[in-house]
Amino acid sequence: MTDTPQEQLDGFVRAINDLHIATVRAEDARAASEAAANLHSGSGYLNAPMEVLEAFSRAIEIGYAAALQDVRQGRLDADIQGWRPELFDGE
């Protein structure tokens, strides 16, 4: 038996919520929320059901928080050195 579209959506929402809990730390929540609001408002994707909009915002927050964690841990790709060489002065 195949899942209904609503069951599939419910599964995606649960997975996003679980990943959000595991990824977005309390100290990053506000910055991640603001970043999501900025990206989301410019997306033009504002007329979807609220459940979809919330999942969309949470997914953006997950990516933002994961990036913050990478920066804190010094996991930067080589492009950053070209864009912001002052971050690497004195190494």
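The values are calculated or read from the model by the stated rules, or taken from the named source; none is laboratory data. Note that the structure is predicted; figures quoted are calculated from it, not measured. Neighbour counts are summed over all protein chains in view; Cβ atoms, including those assigned to glycine, are modelled from backbone coordinates with ideal geometry. For the accessible areas, the whole protein counts, side chains as well, though only heavy atoms, and no ligand, DNA or RNA atoms are used. Shrake-Rupley method; radii C 1.70, N 1.55, O 1.52, S 1.80 Å.
What to note about this one:
- All positions within region 56-67 that are in contact with a helix residue (DSSP H, G or I) (Cβ under 7 Å, 6 or more places away or on another chain) and more than 16 Å from Ala37 (Cβ to Cβ): Ala66
- Taking the criterion of being basic (Lys, Arg) and modelled with pLDDT of 90 or more, the residues of region 23-78 that qualify are Arg25, Arg30, Arg58.
- Of everything in region 7-28 that is β-branched (Val, Ile, Thr) and in a helix (DSSP H, G or I), the residue that is nearest to Ala66 (Cα to Cα) is Thr23.
- Identity of the residue in region 33-58, in a helix (DSSP H, G or I) and either touching a strand residue (DSSP E or B) at 6+ places or on another chain (Cβ under 7 Å) or open to solvent by less than 50 Å² (accessible area, probe 1.4 Å) (or both), that ends up nearest to Pro5 (Cα to Cα): Val52
- For region 1-21, a tally of residues being surrounded by fewer than 11 Cβ atoms within 10 Å (Cβ to Cβ) and among the aliphatic types (A, V, I, L, M) returns 2.
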